[in-house]
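The values are calculated or read from the model by the stated rules, or taken from the named source; none is laboratory data. What you see is a predicted model, and the numbers here were worked out from it, not measured in a lab. With ideal geometry, Cβ positions are generated from the backbone for all residues, glycine too; neighbour counts draw on all protein chains shown.
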Amino acid sequence: MARLLIVHHTPSPTTQSMLEAVLEGARNDEIEGVEVVTSPALAATVPDLLAADAVILGTPANIGYMSGALKHFFDTVYYPCLTDTTGLPYALYAHGNSDTTGAVRAVESITKGMGWSRHRPPVTAVGDIGREESEACWELGAVTALAALERHEERTGKS
Ligand SMILES: Cc1cc2nc3c(=O)[nH]c(=O)nc-3n(C[C@H](O)[C@H](O)[C@H](O)COP(=O)(O)O)c2cc1C
């Protein structure tokens, strides 16, 4: 079974609604053979990441950067996982009250350092979450679940 890991910092109803839309997309009935696992960024571990075939990262913008919680996740996994997660497909969603540019830049910089492969452009939202943002999150979840499946097949040689 392929595994998609969602590492998120979810401090509010708005960010919760983005997470739920991502989860709905990732767990939709059309996709088979992918286990979807969520972990708050402060609780995600090295074994969680090593077991993943793809990762979705979710963060609010905090002082022009990713959340401290997601930064803590990267501090935890960077060196222990640097060699073994090269090429890992990942996707990002970010929410802010005014501007998510710095948060996206920060995540893209560290994932580049880890040699991960951005599966698609980030989904960003400012303020309230409407239908368009929810659908973008749903799609992000679905396509990244498919990326997990593909990577799992590559790694195991099974389809
Ligand atoms: C300490 C702190 C720093 C923040 N910094 C930013 C920021 O730099 N840019 C921004 O757009 N929003 C910023 N925010 C707002 C959060 O991104 C926002 O609260 C979060 O995405 C959840 O959205 P909500 O409060 O509308 O539910 C900050 C919030 C806090 C608590």
**Prompt:** From the set of residues in segment 127-159 that are at pLDDT 95 or above and hydroxyl-bearing (S, T, Y), which is surrounded by the fewest Cβ atoms within 10 Å (Cβ to Cβ)?
**Reply:** S134
**Qualifying residues in segment 62-106 (those that are in a helix (DSSP H, G or I), among the small types (G, A, S) and in contact with a helix residue (DSSP H, G or I) (Cβ under 9 Å, 6 or more places away or on another chain)) - the one surrounded by the fewest Cβ atoms within 10 Å (Cβ to Cβ)** = A106
**Prompt:** Looking at segment 136-159, is at least one residue charged (D, E, K, R), part of a loop (DSSP other than H, G, I, E, B), away from the ligand (no atom under 16 Å from the Cβ) and out of contact with any helix residue (DSSP H, G or I) (no Cβ under 7 Å at 6 or more places or on another chain)?
**Reply:** yes
**Request:** Could you check A41 against (1) within 16 Å of the ligand (Cβ to nearest atom); (2) loosely packed, with under 15 Cβ neighbours inside 10 Å; (3) aliphatic (A, V, I, L, M) and say which number it fails?
**Result:** (2)
**Item:** Subset of segment 1-41 (residues that are of a type in the set (G, A, S) and in contact with a Lys or Arg (Cβ under 8 Å, 6 or more places away or on another chain))
**Value:** A2
**Options T10, T59, T38, T15; residue that is part of a loop (DSSP other than H, G, I, E, B), at pLDDT 95 or above and out of contact with any Asp or Glu (no Cβ under 8 Å at 6 or more places or on another chain)** = T10
**Request:** Confirm whether L92 is without any contact (Cβ under 8 Å) to a residue 60 or more places away in the chain, within 20 Å of R151 (Cβ to Cβ) and within 16 Å of the ligand (Cβ to nearest atom).
**Result:** yes
**Subset of segment 48-84 (residues that are under 14 Å from the mean Cα position of the chain (by Cα) and away from the ligand (no atom under 16 Å from the Cβ))** = D48, L49, A52, D53, A54, V55, I56, F73, F74
**Request:** Could you list all residues from segment 28-47 that are within 14 Å of the chain's Cα centre (by Cα) and either in contact (Cβ under 8 Å) with a residue 60 or more places away in the chain or farther than 16 Å from F74 by Cβ (or both)?
**Result:** V36, V37, T38
**Request:** Tell me, yes or no, whether segment 111-134 has at least one residue that is assigned to a helix (DSSP H, G or I), closer than 23 Å to P13 by Cβ, more than 14 Å from the ligand (Cβ to nearest atom) and without any contact (Cβ under 8 Å) to a residue 24 or more places away in the chain.
**Result:** yes
